[in-house]
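Nothing in this text is a laboratory measurement; each read-out follows from the coordinates by a stated rule. Owing to the predicted nature of the structure, the values given are computational and were not obtained by experimental measurement. Cβ sites come from the backbone with ideal geometry, for glycine too, and all protein chains shown count toward neighbours.
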Amino acid sequence: MNNLAILPRALGALFYYAPDEEINLATLNSLESLAHAYQWQELESVNNLITSLEQHRYSATKYNFSLLFEGQGSLLAPPWGSVYQNRDNLVMGDSTAAYYQFLNRVGIDFEIKNQPLDHFGLMMWAMALLIEEGNQVALIEFLSVHLLPWSSRYLELLASNTDSQFYADLASLAALFLNQVKEEIGLNIEPIKLYK
């Protein structure tokens, strides 16, 4: 596995799976490893976030995960890109169809049938796969067209949640990571109209 893919893979799991799922236990038991999984430019901010993640791990409960990512009523920060890009905040909008076409073209198949693939956690996994494959052209398209136009708004909303400081900090950590990747690659993201 490409070392650069470790962080988006870990973040993807934390955003996609409940905290009590086996896939997350190793990461949750060694949150400090997230500081070493990437060459952070803002290491002090990252270390502060990781300290807070460790202190607030208790708020990473199955209930809070369900509240923030699956929905019990209205979601403060829906994790699907189409919600932000669709006037009616619908899941499975045109942006999802375009993303499915992209995934098909680059040969990524998650074999997940019960979840739109534009879920932020799954998209972090797609990013990890593109990094592992060394497909820079596809990675740039993925970031420029499918993830970064909406993800900062999603992460901003999730960071503002008052139900779980853990997930608020996780959103801030993911935002730092994506901003650094954007700067390192030199991406200039065309702003799009967001509806949430």
Problem set entry | Order of Thr61, Thr162 - criterion: other Cβ atoms within 10 Å of each residue's Cβ, fewest first | Thr162, Thr61
Problem set entry | Spatially proximal aspartates and glutamates relative to Lys62 (Cα-Cα < 15 Å; intrachain offsets below 8 disregarded) | Asp20, Glu21, Glu22, Glu70, Asp163
Exercise. Can you give the calculated 222 nm mean residue ellipticity of the chain, where each DSSP H run of n ≥ 4 adds -39,500 (n - 2.57) and the sum is split over every residue, rounded to the nearest 500 deg cm²/dmol?
Worked result: -16500 deg cm²/dmol
Exercise. Taking only C-alpha pairs under 8 Å that are 6+ residues apart, what is the relative contact order of the chain in percent?
Worked result: 29
Seminar exercise, completed: About its Cα centre, region 74-196 carries a charge dipole, from +1 on Lys and Arg Cβ atoms and -1 on Asp and Glu Cβ atoms, whose size in debye to the nearest 20 is 340
Problem set entry | Cross-link reach list, lysines versus Lys193, counting only Cα pairs under 26 Å and skipping chain neighbours closer than eight places | Lys182
For this session: Throw me the Rg/Rh for region 3-185, computed over C-alpha atoms with Kirkwood Rh, two decimals.
Result: 0.93
For this session: Rank the residues Met127, Met92 as a footprinting-exposure proxy: fewest other Cβ atoms within 10 Å of their Cβ go first.
Result: Met92, Met127
